[in-house]
Amino acid sequence: KELHNFTVADFQFAIPPGASHHQVRATRAFDVNASVLGLFAHMHLRGKDMTFKAHYGDGTDETLLVVPNYSFDWQMAYRYASGAKKFPKGTEIECIAHFDNSAFNPYNPDPTDTVKYGPQTYHEMMFGFVFYTDDDEQLNLDIDPNTGHVIAAPEGDEQAAR
């Protein structure tokens, strides 16, 4: 299977000066039946915590991951065993993050500034990365388990046979 990913993100937030627990939320839905392999939370210096939730089509919800004490210096990938976590097409993944833009945050470069999305560390980001495979993907390849090379590819697919 091919590894895919998407980002659950908000690019429009504004964290007010002095806010010690500012919430930012974003949601994204699977457009395929998926097996999730891992999750990854990314924020910058004001990032405080992040929670990943699944909202299923039948109305049920599930908490997938809680990162209670986020640290920009200690970002980790959270992995599931292969095939352990499956989501039907249309399942929404929601990320809920909190930010500390107060003077009590020792990593905060400027608690008097309204902080918005941006690429630099003194800006902020709110990204929840989701890594998955498409359960219905059919590559029609025979793979040698010892070498990882393609043994046979569909007729006419010269690129896959290489």
Note to self: Just to check, using Stokes-Einstein with a Kirkwood Rh over alpha carbon pairs, what's the diffusion coefficient of the range 32-80 at 25 °C and 0.890 mPa s in µm²/s?
What the structure shows: 200
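Classify the range 70-116: rounded, prolate or oblate, from the alpha-carbon gyration tensor (a ≥ b ≥ c, eigenvalue square roots; a/c under 1.5 rounded; otherwise prolate if a/b is larger than b/c)? Please report the intermediate quantities before stating the final value.
Working: a/c = 5.12, a/b = 2.18, b/c = 2.34.
Oblate, because a/c is 1.5 or more while a/b does not exceed b/c.
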Note to self: Placing +1 on the Cβ of each Lys and Arg and -1 on the Cβ of each Asp and Glu in the chain, which of G18, Y78, V8 has its Cα farthest towards the positive end of the resulting dipole?
What the structure shows: G18
Note to self: With θ taken as phi - 60° and the coefficients 6.51, -1.76 and 1.60, list the Karplus ³J(HN,Hα) couplings across the range 25-40 in order, rounded to whole Hz; mark glycine and proline as x.
What the structure shows: 10, 8, 9, 8, 9, 6, 9, 9, 6, 10, 10, 7, 9, x, 10, 8
Margin query: Give me the 1.4 Å probe accessible area per residue for the range 34-93, excluding ligands and nucleic acids, in Å².
Written below: 53
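Ignoring any ligand, DNA or RNA, what whole percent of the accessible area of the chain comes from carbon and sulfur when the probe is 1.4 angstrom? Intermediate results must be reported in sequence, preceding the final value.
Working: 4750 of 9510 Å².
Answer for the chain: carbon and sulfur cover 50 percent of the accessible area.
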Next item on the list: Given the options P106, P16, P145, state which has the largest fluctuation in a GNM of the chain using a 10 Å cut-off (strictly under) for Cα springs.
Entry: P145
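For the range 81-145, what value does the Rg/Rh ratio take when both radii are computed over Cα atoms and Rh is the Kirkwood radius, given to two decimals? If you can, show how the numbers build up before the last one.
Numbers: Rg = 19.9 Å, Rh = 16.4 Å.
With Rh from the inverse mean 1/r over Cα pairs, Rg/Rh is 1.21.
Percent relative contact order of the chain, based on C-alpha pairs within less than 8 angstrom and at least six residues apart? Walk me through the numbers on the way to the answer.
On the way: 379 pairs, mean separation 59.1, N = 162.
Relative contact order of the chain: 37 percent.
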Check: Between Q138 and S20, how many nm apart are label points set 7 Å from Cα along the C-beta direction?
Finding: 5.8
Check: Using a Gaussian network for the chain with springs between C-alpha atoms less than 10 Å apart, which of these wobbles most: A152, A26, A77?
Finding: A152
Next item on the list: Note the listed values (1) 10, 28, 32, 23, 7, 0; (2) 10, 35, 33, 16, 5, 0; (3) 10, 32, 26, 18, 10, 4, 0, then indicate which one is P(r) over Cα pairs in 10 Å bins from 0, in percent calculated from this particular structure.
Entry: (3)
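Calculate, for I151 and N105, the FRET efficiency according to 1/(1 + (r/R0)^6) with r their C-beta to C-beta distance and R0 45 Å; round to the nearest 0.05. Write down the numbers at each step before the final one.
On the way: r = 55 Å, r/R0 = 1.23.
Plugging the Cβ-Cβ distance into 1/(1 + (r/R0)^6) gives 0.25.
Convex hull over the alpha-carbon atoms of the range 8-64: what's its volume per residue in Å³? Please list the in-between numbers first.
On the way: hull volume 6.7 nm³, N = 57.
Measuring per residue, one finds 117 Å³ for the Cα hull of the range 8-64.
The values are calculated or read from the model by the stated rules, or taken from the named source; none is laboratory data. Note that the structure is a prediction, hence the values are computed from the model and not measured. Cβ: placed from backbone, ideal geometry, glycine included. Neighbour counts: every protein chain shown. Side chains included, ligands, DNA and RNA excluded: accessible areas come from the protein's heavy atoms. Shrake-Rupley method; radii C 1.70, N 1.55, O 1.52, S 1.80 Å.
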